[in-house]
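Read-outs: derived from the displayed coordinates by stated rules, not from any lab. Computed from a predicted structure; not experimentally measured. Counting neighbours? That spans all protein chains shown, and the Cβs are built from the backbone with ideal geometry, glycine included.
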Amino acid sequence: MANEDNKPDARKPKFNAYWIYIAIFLLFIGLQFFGGSNLSAPAKTTQVDFQKYLREGDVDKIEIINKKVAKVYLTDEAKQKQIHASKSKDNFLKPGPNDPSYQFEFGDLQNFENSINTIKQENNLNTKIVWDTESNLWAEFLPSIIFFAVIIGIWIYIMRRMSAGAGGGAGGQIFNIGKSRAKLFDEKTDVKTSFKDVAGLEGAKEEVQEIVDFLKNPDKYTALGGKIPKGALLVGPPGTGKTLLAKAVAGEAKVPFFSLSGSDFVEMFVGVGASRVRDLFKQAKEKSPSIIFIDEIDAIGRARGKNNFSGSNDERENTLNQLLTEMDGFGTNTNVIVVAATNRADVLDKALMRAGRFDRQIYVDLPDVRERKEIFEVHLRPIKKDDTVDMDFLAKQTPGFSGADIANVCNEAALIAARKEKSAVGRQDFLDAVDRIIGGLEKKNKIITPDEKKAIAYHEAGHATVSWMLEHAAPLVKVTIVPRGQSLGSAWYLPEERLIVRPEQMLDEMCATMGGRAAERVIFDKISTGALSDLEKVTKQARAMVTIYGLNDKIGNLTYYDSSGQSDYNFSKPYSEKTAEMIDKEISEIIEEQYQRAIKILQDNKDKLTELATELLEKEVIFKESLERIFGKRPFEKAPEVPLITKKSDEELGGEAAEIAAT
């Protein structure tokens with residue numbers, strides 16, 4: 001049922017653009033009739049033709065206007081001639097009996113007058129010459145009047161069209177460019193998202209629920225002397241559910257909810273951003289109590305005074321200054337709460353982050369195994385699945401996945417099942433979806449030479465062998481030499497969930513990563529470019545050990561990491577050149593030591609490495625059972641509390657060691 005507020009007012013006269021076109025047409029007609037060149041104007045001729053008509057005795061009178069235009073009046077006999085009658089037909093209206101038949105412009109007046117007198121004397125003519133002066137104001141000013149009238153008419157037409165389009169939303173009308181573009185959600189708006197649709201995120205959900213409850217039942221909190229929080233900042237990696245939380249607030253709150261993005265304040269015109277901030281808070285205060293949600297607030301909230309090389313006035317800083325004033329300044333209305341979301345809290349201005357503006361900073365982290373199960377339950381509701389689907393199993397197979405990733409897994413599994421013409425989505429479809437999302441599309445028809453395939457098989461077997469023989473390396477689950485995405489071979493592992501990482505664990509992981517290149521050296525005594533992503537990963541991990549985590553004895557307990565994200569190592573380094581040389585040397589030594597360690601392990605197990613690579617060449621995909629059969633049980637293997645699975649790909653995972661170690 002349509003909203004009555006959106007119905008057009010029948011009593012309001014509609015603006016019809018055709019009136020502008022009619023008015024322009026009438027103005028041009030008026031110019032023709034009243035200007036110097038109306039529709040019945042004399043036919044144009046030349047001075048040579050005029051002299052010919054004059055010699056033949058066809059000219060009765062010559063009228064010289066303003067000493068530059070000659071109007072020619074023909075005799076009655078001449079008007080009947082075919083040559084003159086045909087030219088008069090060219091005009092829309094025929095000239096009257098007393099109107100001139102021709103007109104033309106001449107050059108020098110004296111020469112023109114002498115030529116007429118000479119012809120009159122030679123032909124014994126009595127043609128009269130009349131001198132006159134015309135001052136046609138219409139001819140002088142009407143074109144300018146019409147020009148300005150056309151411009152004004154077009155301007156009115158554009159403004160009317162923009163004003164008409166403004167009824168559907170905050171559009172592009174010029175006069176409303178400083179108005180807020182926030183979308184309003186209230187009790188009249190049908191928002192179906194609620195807190196039941198937000199799985200996991202219990203702490204974050206509790207915080208925002210309390211804000212909504214405070215607006216609904218303020219007496220519950222004010223009775224104890226509490227004050228309503230002015231703002232809440234949602235911080236976390238992409239896809240963790242920050243915007244979804246805001247949608248749930250819009251669906252649950254019984255107060256007006258204004259939603260917009262940080263980029264909606266940005267405009268090329270000076271002062272527009274600050275004007276939109278003022279208008280946004282003005283609307284929110286008029287409808288208070290209310291909530292304002294600003295998504296991606298880092299678009300306008302970045303720290304001031306950074307990277308402003310131009311020295312000119314920064315429009316983004318003006319917008320931020322206005323936002324700071326509106327959130328906590330003179331005349332601030334405490335019944336307006338600001339909820340914002342960002343992935344980059346480290347770049348936000350300190351004045352924006354302080355208490356009194358954003359009283360609460362809610363970190364929305366990646367979900368753990370329990371929260372992943374809840375998220376799967378939400379996204380699997382609309383999917384038709386069979387009895388083989390186990391949500392506990394799926395939650396264990398997707399470590400490090402965000403809520404958006406899990407939603408993508410569910411959708412991809414449904415697409416895979418539909419592609420196979422199944423009637424329901426099964427467990428294997430979800431496993432294929434995980435492989436598809438992590439590793440990319442499988443490319444079985446990729447052209448690979450036998451030598452390259454053999455090198456890839458030994459490379460992946462080297463990774464599997466070294467990781468199987470090391471205590472702290474993640475044990476292997478599956479290895480494949482079928483190309484996926486950009487990778488020529490991939491290996492899936494079962495890592496532990498660690499909150500802290502010790503040096504021996506990082507070194508074992510680096511050694512397993514170097515197992516691919518080490519296998520090439522041990523078997524072929526040659527190396528290739530296939531270890532690019534491995535080298536990138538271990539280099540970043542070794543650099544993190546030395547410069548970030550302080551895990552190197554020679555460098556000591558120092559870190560050059562800047563959590564604010566304001567340091568720019570491209571222009572300056574927080575250490576001397578001597579220290580830089582020492583850091584480079586330590587990184588190189590760490591990597592080389594683990595490379596030699598991997599070579600030693602593979603040399604000691606060369607026959608088993610060959611057997612594993614041969615089986616991999618034959619089957620293209622092998623699982624953990626093949627390693628147990630060839631190498632036996634790992635003597636130091638412990639049953640993991642939560643079996644998790646992730647993927648290490650030679651070409652796909654380009655070195656995220658520092659982030660892995662941090663988490």
Gyration tensor (alpha-carbon) shape descriptor, segment 337-457, a/c threshold 1.5: oblate
Pairs from Lys420/Lys619; Lys554/Lys608; Lys242/Lys624; Lys192/Lys216; Lys385/Lys537; Lys385/Lys453 whose Cα-Cα separation, in the structure shown, is over 27 Å: Lys554/Lys608; Lys242/Lys624; Lys385/Lys537; Lys385/Lys453
I need the per residue convex hull volume for segment 377-447, using only the alpha carbons, in cubic angstrom as a whole number. 91
Could you compute the FRET efficiency for Asn335 and Thr559, with r as their C-beta to C-beta distance and R0 at 41 Å, rounded to 0.05? 0.40
By how many nm would the segment from Glu471 to Ile448 grow when fully extended, if each residue of separation counts as 0.36 nm and the alpha-carbon distance is taken off? 4.8 nm
With Leu617 itself left out, Lys, Arg at +1 and Asp, Glu at -1 over residues whose Cβ is under 13 Å from its Cβ give -4
What FRET efficiency, computed as 1/(1 + (r/R0)^6) with R0 = 56 Å and r the Cβ-Cβ distance, is obtained for Lys227 and Asp387, rounded to the nearest 0.05? 0.60
Which residues in segment 510-544 have a backbone N closer than 12 Å to a point placed 7 Å from the Cα of Asp604 along the Cα-to-Cβ line? none
Hey, can you rank 103-112, 516-525, 211-220 by average C-beta count inside 10 Å, highest first? 516-525, 211-220, 103-112
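In terms of the Cα gyration tensor, with a ≥ b ≥ c the square roots of its eigenvalues, is segment 413-508 rounded because a/c is under 1.5, prolate because a/b exceeds b/c, or oblate?
oblate
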Taking the Cβ-Cβ separation of Met353 and Asp314 as r and a Förster radius of 22 Å, what is the calculated FRET efficiency to the nearest 0.05? 0.70
Can you tell me how segment 496-555 classifies by the Cα gyration tensor, rounded, prolate or oblate, using a/c under 1.5 as the rounded cut? prolate
For labels at Lys120 and Glu202 in the simple 7 Å Cα→Cβ model, what's the distance in nm? 11.6
Between Ile83 and Lys420, the two model label points (7 Å from Cα along the beta-carbon direction) sit apart by a distance in nm of 9.7
Taking 391-397, 49-55 and ranking on average Cβ neighbours within 10 Å, highest first, one gets 391-397, 49-55
